[in-house]
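Novice: What follows is a structure written as structure tokens; I'll ask about it next.
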Amino acid sequence: MASGTTSADRATRGGRPAERRVSVVIPVRNGGAPFDECLDALDRVAYGDFEVVVVDDASTDDTAARAKAR
């Protein structure tokens with residue numbers, strides 16, 4: 001392997017860098033409509049390989065139900 005070559009350089013598909021799995025972490029408490037907007041925006045993301053992790057900080061509203069509905 002050439003000096004200065006990283007694993008990212010080696011992980012390619014057709015000469016292009018391969019997508020890496022990304023974790024999107026959303027801390028939320030009583031998120032309501034802004035939480036829905038956040039999740040809607042993530043639905044529109046073109047990046048292929050990602051997961052969404054919602055960390056609910058003891059919400060007293062329907063935040064958990066909104067997250068589970070996705």
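Novice: Using the Cβ atoms and a cut-off under 14 Å, what net charge is assigned to the surroundings of Asp62, where Lys and Arg are +1 and Asp and Glu are -1? Spell out each step's value before the answer.
Specialist: Numbers: positive: Arg29, Arg66, Lys68, Arg70; negative: Asp36, Asp56, Asp61.
Every neighbour counted, the sum reads +1.
Novice: Let me ask you something else. Between Leu42 and Ala69, what is 0.36 nm times their sequence separation minus the Cα-Cα distance? Round to one decimal in nm.
Specialist: Numbers: separation 27, 0.36 × 27 = 9.72 nm, distance 1.43 nm.
Fully extending the segment from Leu42 to Ala69 adds 8.3 nm.
Novice: Report the GluC sites (Glu not before Pro) located in region 14-70 that are in a DSSP loop and have at most 15 other Cβ atoms inside 10 Å of their Cβ, or state none. Before the final figure, lay out each step's value.
Specialist: Details: sites: Glu19, Glu37, Glu51; in loops: Glu19.
In loop regions of region 14-70 (DSSP not H, G, I, E or B), the sparsely surrounded GluC sites (Glu not before Pro) are Glu19.
Novice: Also, quick follow-up: Amide H neighbours of Val54 under 5 Å, at least 5 residues apart or on other chains, H built in the peptide plane: list them.
Specialist: Answer set, sorted by chain and number: Ile26.
Novice: Apply 1/(1 + (r/R0)^6) to the Cβ-Cβ distance of Val55 and Glu19, taking R0 = 25 Å, and write down the FRET efficiency to the nearest 0.05. Walk me through the intermediate numbers first.
Specialist: Details: r = 24 Å, r/R0 = 0.96.
The value I calculate is 0.55.
Novice: Can I ask one more? Where Lys and Arg each count +1 and Asp and Glu each count -1, what net charge lies around Gly31 among other residues with Cβ under 15 Å from its Cβ?
Specialist: On the way: positive: Arg29, Arg66, Lys68, Arg70; negative: Asp36, Glu37, Asp40, Asp56, Asp57, Asp61, Asp62.
After counting each charged neighbour, the total is -3.
Read the figures in this text as sums done on the coordinates, not as results from a lab. Being a predicted model, the structure only gives us computed values, none of them experimental. Positions of Cβ are generated from backbone atoms using ideal geometry, with glycine treated the same way; all protein chains shown enter the neighbour counts.
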